Every structure is written in C-alpha cells, then in structure tokens.
Amino acid sequence: MQIYKYVIKISKFAVMKKITTLFLLIIVAFSSCETELDINTDWEEVTVVFGLLDQSQDKQYIRINKAFLGNENAYVMASIADSLNFNPENIEVKLERVSPTGNILATKILSDTVMLKDSGTFASDNNIIYTFDTDDFLIENKNYVLSITNLINGNVVSANTNLIHELQLMDYFNNPIYKLGFYSDISKDFTNIPITWDHSKNAEIYQMSMIVNYNEYGSEGSIVEKSIQKDFPLIDYNGGNEIEQIISGEVFFDFIANNIEPSTNVNRRINDVDLLFTAGGGDLHTFMNLNEPPTGIVQERPIYTNIINGYGLFSCRLNKSQDSIFITQDTKKAIADSLQYLNFIYP
C-alpha cells in the first residue's frame, strides 16, 4: 500500500474511532443507572486536518473537516455532508512560507473545490478539498505554516512543516545502456537487483514501487499497452547516506505470474519497467507507526496529531520516478520460456 493511500485510509476513521470508544465506555459505566444521562456536552468546534506538501506535484491538496457529535446514529450523521464540512465562506485557509528565523516570505490563500470520492460510510456528495497551485511557492529549504481561521467565531487552527529535499538516484540510472537483469542465461538462475538512492534531507521513511509495462497483441492486429504495479515494504531511515531496495529476480517473476490473467486471445511482450520513489517526513513517519495494526493485548492506540487547536496531520512527502528502464534480453527470454501459459513471446 502506498504511503499516501495508507494515510488517507487511516485519516477517515482515527478520530471517529476514538470518540466511539469513549461512548461505549460511558454507556457500560452507566447502563445500570435508572437516571437518564445525556452524554452530549455543550457543542465545541473540533477541526480535523490532513495534508502532505509535495513540491514534485503541480497542485497541493489539504483536507479540512470538523468532528461531529449529536443525538443521531454516528453512521447516519457521517453520511450528511454538513456534519463533516465547514462552509467554505466561513473559514480562511492560508499557507505562509517562512524563513528559518520565522519571517513571513510569501503567502498563499487556498481555494475550495469539490473532488469525486468513492461512496461509503462518510458523505461523498460534497467532498470539499482545499487546494493551491504549486508554482514556485514550495522551496525545499523553507518552512511552511498552515492556518485555518473561522471567520465567524475567530477560532484559529495551525500547523507547520518543512519540505523534503530532492531525491537523488544513483548515477547508473543516467547510463542509457543500463538494464535490469532478473535472470542470467549464463548461471541459469535468478539474480537480485539492488536499487539505491541518496538519503533526502527531512525524509524519515521511504517506499519504492515497481511498474512493469507490457503490450498485448490481439488476433485482429490490435496493440494494447498495459502495466502492473508492485509496492515494496516501507523503509525506515536508519541514519545512513544511502537507501537500498532489493528486487529479487524470483519475486519479479512471481509478481508477473500472479498479476496477469491467462488469455488465449492475446500474445504479450514485456517492454520495460518504471520505478516510483516516495519519501515521507518525520511527522508522517510517526503517524504511520502509531497507526499500525496492534499485535498485543492493548488494542487502543493514542491519536497522534501535530495540529495546534485541532487534530490530524500536516507533513511532507516527495515523489520521484525513473521511467522506461530497459530489461535484459536474458530476462525477456526467460519470461517467455517460463510463463508460456501467459502467452509471452520473444523476441
């Protein structure tokens, strides 16, 4: 699971899970009392924020919601957009670029937009996201302060983050004759490929994804380009200067075998491989560690937040890709020979 998808999946339920657990404890404690008890206290504004600044992307997106509490069923309230969203006219969302000494250098006012969202427990009819164009606003050696001001009551929620510096791949990626060889016709065995890159300043966690591109040739002469993607495990930064991910030749072949359906209607040919590298900041690293599935007796986890006067996560990440990396002829031939039932052809 990619870093960004992992965070989005957790962020939807973390605060609601904590509130639900509290409700259950209160209900059990007072279930034997005959006196009616209203567990809903006076209304209090609670802002929930999730955003990852990434200067490698053209647009930045920040999700801003409000936690809710009422007399209705929680799942019913979650399906109502007004329970989750602030009225965009009632809040000002801005991001300031500041120097190491705290001087404000530039400011962006974020605009609201509605993005499509899969249906589910939470309302999807009015999925409001706050966004701005990256342009040249995000500079890697500067800090960024996010502030959300409620124009009705004056409540201010804030957070800050730095940015991850450029991710540098090893020089061999610049060699036009560099190829990935997952099988050697000389040794008649799989080979392992080490992929290395330099540590990026402010990064505390990494993940590499591999995209295998191939063509499908139909009997009527059609050619369809397809791809399959494998996400490798997360890598914690250990203090070294280089990060390494090993791609096992056996894993490479198994990945193809397990992710392409057999078909008698097409022939296939392997093209090349794309590699996607993602680096995440320290707060993101902490957030993900605290939200890993518990393995011990204690199942409850503390809610991690770096939002002042609110809950959630505001951190940074960086994406970099190396596209169209060639594969050795030995590997292509071995795929055609060993995966004949998938109709791979060579040359």
The range 243-347: helices (runs of 4 or more DSSP H) wholly inside it with 1 or more residues that are farther than 30 Å from Thr134 by Cα and in contact with a helix residue (DSSP H, G or I) (Cβ under 8 Å, 6 or more places away or on another chain) are 249-259, 329-338
Checked Asn238, Asn259, Asn215, Asn267 against criteria (exposed (fewer than 13 other Cβ atoms within 10 Å of the Cβ) and either touching an Asp or Glu at 6+ places or on another chain (Cβ under 7 Å) or under 29 Å from Ile177 (Cα atoms) (or both)); the one match is Asn259
Do you know which of the residues in the range 133-173 that are out of contact with any strand residue (DSSP E or B) (no Cβ under 7 Å at 6 or more places or on another chain) and more than 24 Å from Trp197 (Cα to Cα) is surrounded by the most Cβ atoms within 10 Å (Cβ to Cβ)?
-> Asn155
From the list Asp236, Asp231, pick out the single residue that is in contact with a strand residue (DSSP E or B) (Cβ under 9 Å, 6 or more places away or on another chain), among the charged types (D, E, K, R), at pLDDT 95 or above and closer than 17 Å to Phe255 by Cα.
-> Asp231
Those residues that are of a type outside the set (D, E, K, R) and under 29 Å from Gln60 (Cα atoms), I need them from the range 315-330; list them, please.
-> Ser315, Cys316, Leu318, Asn319, Ser321, Gln322, Ser324, Ile325
Pick from the range 114-151, criterion β-branched (Val, Ile, Thr) and modelled with pLDDT under 95, ranking: nearest to Asn85 (Cα to Cα) = Ile128
Out of curiosity, is Ile186 of a type in the set (Val, Ile, Thr) and under 15 Å from Thr328 (Cα atoms)?
-> yes
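The rows are residues; the columns are (1) outside the structural domain of Ser324 (by TED's automatic domain parsing); (2) without any contact (Cβ under 8 Å) to a residue 40 or more places away in the chain; (3) within 21 Å of the chain's Cα centre (by Cα).
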residue: Met208; (1), (2), (3): no, no, yes
residue: Asn213; (1), (2), (3): no, no, no
residue: Ile228; (1), (2), (3): no, yes, yes
residue: Leu234; (1), (2), (3): no, no, yes
residue: Ile246; (1), (2), (3): no, no, no
residue: Phe252; (1), (2), (3): no, no, no
residue: Asn259; (1), (2), (3): no, yes, no
residue: Pro262; (1), (2), (3): no, no, no
residue: Leu275; (1), (2), (3): no, no, yes
Look at Ile256 and say whether it is of a type in the set (Val, Ile, Thr) and out of contact with any strand residue (DSSP E or B) (no Cβ under 6 Å at 6 or more places or on another chain).
-> yes
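Yes/no per residue for (1) touching a residue at least 24 places away in the same chain (Cβ under 8 Å); (2) surrounded by fewer than 16 Cβ atoms within 10 Å (Cβ to Cβ):
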{"site": "Gly280", "(1), (2)": "yes, no"}
{"site": "Tyr304", "(1), (2)": "no, no"}
{"site": "Arg317", "(1), (2)": "yes, no"}
{"site": "Lys320", "(1), (2)": "yes, no"}
{"site": "Ile327", "(1), (2)": "yes, no"}
{"site": "Gln340", "(1), (2)": "no, yes"}
Collect the residues in the range 174-195 that are outside any loop (DSSP other than H, G, I, E, B) and either surrounded by 15 or more Cβ atoms within 10 Å (Cβ to Cβ) or in contact with a helix residue (DSSP H, G or I) (Cβ under 9 Å, 6 or more places away or on another chain) (or both), keeping them in residue-number order.
-> Lys179, Leu180, Tyr183, Ser184, Asp189, Phe190, Ile193, Ile195
For the range 219-234, state whether one or more residues are surrounded by 11 or more Cβ atoms within 10 Å (Cβ to Cβ), at negative phi and not in a strand (DSSP E or B).
-> yes
Residues within the range 306-324 that are under 14 Å from Met288 (Cβ atoms) and charged (D, E, K, R), tallied = 1
What do you reckon, is Ile193 touching a residue at least 12 places away in the same chain (Cβ under 8 Å), farther than 30 Å from Phe252 by Cβ and more than 21 Å from the chain's Cα centre (by Cα)?
-> no
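The values are calculated or read from the model by the stated rules, or taken from the named source; none is laboratory data. Everything quoted here is computed from the prediction, not taken from an experiment. Note that we place each Cβ from the backbone using ideal geometry, even for glycine, and neighbour counts take in every protein chain shown.
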